[in-house]
Amino acid sequence: MGRIYQFLDERLNLTPLLRDITDHPVPDHANVLKTRSAFIYCFGGIAFFIILLQALSGVFLMLYYSPTPEDAHASVTYIQNETAFGALLQGLHRVGASAAVIMVLLHMLRVFFTGSYKNPRELNWVVGVFLLLIVLAFGFTGYLLPWDQKAYWATTVGLNMVANVPLIGDFLASALRGGNEMGTLTLLRFFVIHVMFLPALLAIFLAAHFFMLRRQGISRPL
Amino acid sequence: MDLPEENQSLPRRRFFINGIKALAALFGLGLGIPLAGFFISPALKKDKHDWIEIADSSLLKDGEPSRINYSYARKDGWKTAQTPRTAFVVKQASGEFAAFSNRCTHLGCGVNWDSALKQFKCPCHGGVFDAQGRVVEGPPPKALTRLALKVEANKIFVMEA
Ligand code: HEM
Ligand code: FES
């Protein structure tokens, strides 16, 4: 490892880059070793860590999952019962989904109560709101994928809520549903939104979030 | 930060760096093993094989392999797939029956029986086998696969290898 790193470093001068990414001093008020209550500053990082786990377990679940009404439920059952560690990974992904939402909400509360959303960090709050919506959209689209009774009816209710948006509600709901009845197209587009559209959006908004965070530094203590 | 603490901070720094590395390794293994196992798990599964009835023994000609198409139900992921197969069944001089898979042992093309030359010929790279399935010429490394076979009440059953 050391030799490989040295080889790359001699040619690419990585050390300053790495130092900038990994060796950033944490101010005392956000350092758990210095201030006991500083753990609230970890919530964003924990949310990020959980999201990485979701991405990893999700990509692997796609090895077996099949997004058609005929196959979806049987493929999920297959993952749970007939693959090595399938029950573990599926469980991790499901529990992780809830944990991600909880950690993002706690992180948002931290930012709110430390007043960190104020000038100059308003934009990062705005980006944060989009991140929250994206995480919720992951949850909503993912919930349909097992295609069992709970999934089906939860999505029926969710789409009927969308249909209550003034003026364009019905149109929005059918666009998401892929028509007027839930079925093949609904499941397929929820799947594609879940594994393609949302990850791309999430990556863009997380990059913006972390870029602003590093440019502005963590907010000062109260 | 005052000076004494600054001096102290190097071993502590190394302690944390090592701790982080150990933690990363632990997570890496804890995740890596399940993920790898999950990925390769179909490769670890053994297929279950049953006897498949494929022909009536009275319809077979002596010494001349008959091409028989059959299919059997195979577990295909979470589904059951009807899987088509072809075998050559022959009643040998001894009176025993033999069944050969039509899959060439080179790269798996379907071989044909040439009744004039009494040979199996592969259309792909010129593999040739004799009536007992032995390699006569060409790239195939070994004889045609013989399927397990049994005869019961004039019915011929084979089992996939
Ligand atoms: C995908 C979800 C999110 C992730 C992974 C994430 C990650 C992070 C991380 C790692 C930090 C560094 C400080 C900390 O950890 O507390 C941070 C800071 C911040 N986040 Fe988030 N965040 C997310 C969602 C949100 C949401 C929903 C909001 C608010 C609507 C938000 C607003 C902010 C703001 C304003 C800061 C700067 C805080 C400061 O300088 O003290 N973030 N975020
Ligand atoms: S596959 Fe039969 S000779 Fe190559």
Exercise. What helices (runs of 4 or more DSSP H), lying completely within region A:1-95, carry at least 1 residues that are within 29 Å of A:G115 (Cα to Cα)?
Worked result: A:15-22, A:43-61
Exercise. Does region B:16-35 hold any residues that are under 36 Å from the mean Cα position of the chain (by Cα), open to solvent by 50 Å² or more (accessible area, probe 1.4 Å) and facing chain A (nearest Cβ under 10 Å), and which are they?
Worked result: B:F27, B:I33
For this session: Keeping to region A:71-110, report how many residues are within 16 Å of ligand 1 (Cβ to nearest atom) and among the hydroxyl-bearing types (S, T, Y).
Result: 1
Exercise. For region A:94-104, what are the residues that are farther than 21 Å from A:R214 by Cβ and either within 16 Å of ligand 2 (Cβ to nearest atom) or open to solvent by less than 80 Å² (accessible area, probe 1.4 Å) (or both)?
Worked result: A:G96, A:A97, A:S98, A:A99, A:A100, A:V101
Exercise. How many residues are surrounded by fewer than 16 Cβ atoms within 10 Å (Cβ to Cβ) and in contact with a His (Cβ under 7 Å, 6 or more places away or on another chain) when one looks only at region A:26-43?
Worked result: 1
Exercise. Checking A:Q149 against (1) within 24 Å of A:G58 (Cβ to Cβ); (2) near ligand 1 (Cβ under 9 Å from one of its atoms); (3) of a type outside the set (S, T, Y), which single condition isn't satisfied?
Worked result: (2)
Exercise. Among the residues of region A:54-93, which ones are open to solvent by 30 Å² or more (accessible area, probe 1.4 Å) and either within 8 Å of another protein chain (Cβ to nearest Cβ) or in contact with a strand residue (DSSP E or B) (Cβ under 6 Å, 6 or more places away or on another chain) (or both)?
Worked result: A:L56, A:F60, A:L63, A:A74, A:T77, A:E82, A:A84, A:F85, A:L88
Exercise. Looking at (1) more than 12 Å from ligand 1 (Cβ to nearest atom); (2) more than 23 Å from A:F190 (Cβ to Cβ); (3) open to solvent by 40 Å² or more (accessible area, probe 1.4 Å), which is the only condition A:I46 fails?
Worked result: (1)
Exercise. Can you name the residue in region B:65-86 that is open to solvent by less than 40 Å² (accessible area, probe 1.4 Å) and within 20 Å of B:W113 (Cα to Cα) and, of all such residues, is nearest to the other protein chains (Cβ to nearest Cβ)?
Worked result: B:Y70
Exercise. Does A:L133 meet the test of being within 22 Å of the chain's Cα centre (by Cα) and within 14 Å of A:G58 (Cβ to Cβ)?
Worked result: no
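Within the group A:I50, A:I40, which residue is among the aliphatic types (A, V, I, L, M), away from chain B (no Cβ under 14 Å) and in contact (Cβ under 8 Å) with a residue 24 or more places away in the chain?
A:I40
The values are calculated or read from the model by the stated rules, or taken from the named source; none is laboratory data. A quick note: this is a predicted structure, and the numbers were derived from the prediction, not measured. Positions of Cβ are backbone-derived with ideal geometry, glycine not excepted, and every protein chain shown enters the neighbour counts. Keep in mind that these areas ignore ligands, DNA and RNA; they rest on the heavy atoms of the full protein, side chains included. Shrake-Rupley method; radii C 1.70, N 1.55, O 1.52, S 1.80 Å.
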